[in-house]
Amino acid sequence: MGDFSINNEDSLKKQFSALFEIGDHGPPIPIREDLFLNQPAKLKEDLVRFYEHFGYELDEEFQWQMDHLSIQLEFMHFLAMGEFEELQDKLSYQLGQLDFIQKHLLNWVPQLAEKLSVLSKGEIYSKISIELKTFLEHDLKWQEKTIKTIDESGG
């Protein structure tokens with residue numbers, strides 16, 4: 001994605017703020033699952049359960065935005081690293097990734113990408129969101145295939 005280098009830092013900051021931060025009734029496109037989906041019941045409680053179950057701890061200053069896209073992606077990285085480092089129960093981390101991607105990331109990121117492609121067509125954040133959506137869809141398929149293979153082999 002060489003397009004990133006043609007944007008200067010100030011331009012990227014302005015685009016980011018205009019899309020994700022500024023607005024009379026909130027940002028045009030919230031980058032937090034809770035706001036994007038209009039605060040569905042029990043969303044944050046579900047996130048807390050995921051984070052606590054796997055021992056993922058947020059600094060106090062970030063706890064209010066536990067549903068932010070960057071934190072959710074960091075949690076997926078945390079799960080992937082847990083799977084890599086775990087010697088006994090890798091399946092738990094794989095199932096956690098599968099469940100989290102289905103219940104959270106793919107629950108709203110495709111819609112985020114769609115909105116961005118309308119409001120910011122061809123711009124860098126639209127392109128990034130499309131790539132992220134594609135990556136998440138591929139990761140879901142990989143997880144489903146891998147977990148099925150492990151389950152069938154008894155490993």
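Derivation of every value follows stated rules applied to the coordinates shown; laboratory data play no part. These numbers come from a predicted model, not from an experiment. Heads up, the Cβs are rebuilt from the backbone with ideal geometry, glycines too, and the neighbour counts pull from every protein chain shown.
The alpha-carbon atoms of the chain define a convex hull whose volume equals 139 cubic angstrom per residue. Here the peptides 30-40, 46-56 are ranked by packing, the mean other Cβ count within 10 Å, and the order with the highest first is 30-40, 46-56. Ranking of Phe84, Phe75, Phe16 by neighbouring Cβ atoms within 10 Å, starting from the fewest: Phe84, Phe16, Phe75. Using only Cα positions of the range 1-82, each an equal point scatterer, no hydration layer, compute I(q)/I(0) via Debye at q = 0.15 Å⁻¹ and quote the log10 values to two decimals. Values, matching the q order: -0.70.
Each of His25, His104, His77 was scored by other Cβ atoms within 10 Å of its Cβ. Arranged with the fewest first, they read His25, His77, His104. Measuring between their Cα centroids, the range 112-137 and the range 5-59 lie 15 Å from each other.
Calculated [222 nm] ellipticity per residue, helices only, for the chain: -21000 deg cm²/dmol; basis is -39500 (n - 2.57) per DSSP H run with n ≥ 4, divided by all residues, nearest 500.
Each of Phe62 and Asp89 was given a label point 7 Å from its Cα along the Cα-to-Cβ line. The distance between the two points is 2.4 nm.
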